[in-house]
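First the structure, in the form of structure tokens, and then the observations on it.
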Amino acid sequence: MVEGAGIDLIEVERVAFNIEKGAGFKEMIFSVNETAYCESKANKYEHYAARFAAKEAFFKALGTGWQEGTQFNEVEITNSITGKPELVLLGNTRETLKYLGITRILVSLSHLKTMACAVVIIEK
């Protein structure tokens, strides 16, 4: 059963600026695997922005927003063998949200040169 849906839209330039500024933004927001994936792409900031949007959409889909005990870099966007994006909870974030009884998380990403968006649906 669908428990929540979230959507987010972000400017690629805004994410690129924060990454280039340094100060730990990339490490705070993205997992090591996400960083490796995005850095391997020609238009890496579009991929970073889509993943950032997915994390925001996920917290909106929860219906509570960001919760204490969760971290953005523990909400990881991976790709299946076919390239389909998947959202995986890691570490303390997975443990913190275990009580919600989430059975499935669906995610869709899209990006252009200047904008990226994501939709997340949570099922219980």
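Of the residues that sit in the stretch 69-87 and are touching a residue at least 24 places away in the same chain (Cβ under 8 Å) and surrounded by fewer than 16 Cβ atoms within 10 Å (Cβ to Cβ), which one is nearest to TYR99 (Cα to Cα)?
Result: GLY69.
Quick check on my filter: what residues within the stretch 1-56 are outside any helix (DSSP H, G or I) and touching a residue at least 60 places away in the same chain (Cβ under 8 Å)?
MET1, VAL2, GLU3, GLY4, ALA5, GLY6, ILE7, ASP8, LEU9, ILE10, GLU11, ASN43, listed by residue number.
Give the stretch 91-124 a look and list any residue that's farther than 18 Å from ILE77 by Cβ and touching a strand residue (DSSP E or B) at 6+ places or on another chain (Cβ under 6 Å), or say none.
Result: THR103, LYS124.
Going by the conditions given, is LEU112 of a type outside the set (Gly, Ala, Ser), touching a helix residue (DSSP H, G or I) at 6+ places or on another chain (Cβ under 9 Å) and farther than 21 Å from GLY4 by Cα?
Answer is yes for this residue.
A short reminder: the numbers here are calculations on the coordinates, not readings from a lab. Since the model is a prediction, treat every value here as computed from it, not as a measurement. Heads up, the Cβs are rebuilt from the backbone with ideal geometry, glycines too, and the neighbour counts pull from every protein chain shown.
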